[in-house]
Amino acid sequence: GAGVSQTPSNKVTEKGKYVELRCDPISGHTALYWYRQSLGQGPEFLIYFQGTGAADDSGLPNDRFFAVRPEGSVSTLKIQRTERGDSAVYLCASSLTGYTGELFFGEGSRLTVL
Amino acid sequence: AQTVTQSQPEMSVQEAETVTLSCTYDTSESDYYLFWYKQPPSRQMILVIRQEAYKQQNATENRFSVNFQKAAKSFSLKISDSQLGDAAMYFCAFQFFTGTASKLTFGTGTRLQVTL
């Protein structure tokens, strides 16, 4: 596609539910990143994929968070047993390579946990 | 660990005037990149300008320029001839490379208002 696409744009769920957020990067970009942006804060790194593998998942806050990128393109961020503190905008970005390329961001998925 | 500090939560500038947004960072790395990103209400982060740490010359992109002081670990953004469309959140970000990761570390942002 022309840009990074994220779905859903907005998601409201109840505490304890399971949520999946999808990211479709720019075609041909090998690097993919997930960030979380809480209200009034800058984005915080969650996980970075180079191809199909998670090269760095040091930002995932706990084992309720998991992300996959099985074919090296689309990625899904999965959150189990959601908590109110998980409410945030989840941003996805892709880059042609993981090293010197500019990151292109999507418009994010706003998650609200009631 | 790398940290990025933006000490101005909000700034205001009149249309056609010049404004400077401040950013400082802390790192022990010698080779890195610095960025300014703009985030309008659409939430999409848009790259404004980038600076490679090994370059002494300050980056310039049309009305946007930076003042990069490596020794002082300072990286300010100057917006000249401000336009209404410049109103947004601006984030300073730092990027370095470990061989397996090149994640960005962001500051907390500065909200820029542009008035008539």
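The values are calculated or read from the model by the stated rules, or taken from the named source; none is laboratory data. These numbers come from a predicted model, not from an experiment. For neighbour counting, all protein chains shown are included, and Cβ atoms are generated from backbone atoms with ideal geometry for every residue, glycine included. Surface areas here come from the heavy atoms of the whole protein model, side chains and all, with no ligands, DNA or RNA. Shrake-Rupley method; radii C 1.70, N 1.55, O 1.52, S 1.80 Å.
A few comments on the model shown:
- Computed lengthening from A:Ser5 to A:Asp57, 0.36 nm per intervening residue step minus Cα-Cα distance: 16.6 nm
- Positions from segment A:66-114 whose accessible area shrinks by 30 Å² or more when the full protein complex is built, not the chain alone, probe 1.4 Å: A:Tyr99, A:Thr100, A:Glu102, A:Leu103, A:Phe105, A:Glu107
- Alpha-carbon centroids, segment A:62-114 and segment B:63-116: separation in whole Å: 23
- Residues in segment A:10-43 that, when all protein chains are in place, have 30 Å² or more less accessible area than the chain alone would give (probe 1.4 Å): A:Tyr35, A:Gln37, A:Gly42, A:Pro43
- Karplus-based coupling profile of segment B:104-116, in residue order and whole Hz: 8, 10, 9, x, 8, x, 10, 8, 9, 9, 10, 10, 6, with θ = phi - 60° in 6.51 cos²θ - 1.76 cosθ + 1.60 and x standing for Gly or Pro.
- Chain pair B, A: total accessible area buried, heavy atoms, 1.4 Å probe, Å²: 2000
- The protein assembly as shown, accessible area per residue, ligands and nucleic acids excluded (1.4 Å, Å²): 47
- As a length-normalised measure over Cα pairs under 8 Å and 6 or more apart, the relative contact order of segment B:3-115 settles at 37 percent.
- The phi torsions of segment A:35-49, fed into the Karplus equation with coefficients 6.51, -1.76 and 1.60 and a -60° offset, translate into couplings of 10, 10, 10, 7, 4, x, 10, x, x, 10, 5, 10, 7, 10, 10 Hz, rounded to whole numbers, with Gly and Pro shown as x.
- With R₀ fixed at 35 Å, the C-beta to C-beta distance from A:Leu96 to B:Gln113 puts the FRET efficiency at about 0.50.
- Estimated Rh, segment B:3-115: Kirkwood, alpha-carbon pairs, angstrom: 14.2
- Taking the accessible area of the protein assembly as shown, probe 1.4 Å, and keeping the other protein chains in place, the carbon and sulfur fraction comes to 47%.
- With DNA, RNA and ligands ignored, accessible area of B:Thr3 (1.4 Å probe; Å², nearest 10): 70
- Cα-centred dipole magnitude for segment B:3-115, charges only on beta-carbon of K, R (+1) and D, E (-1), debye, nearest 20: 200
- Put a plus charge on the Cβ of each Lys and Arg, a minus charge on the Cβ of each Asp and Glu, and nothing anywhere else: the dipole of chain A about its Cα centre is then about 400 debye.
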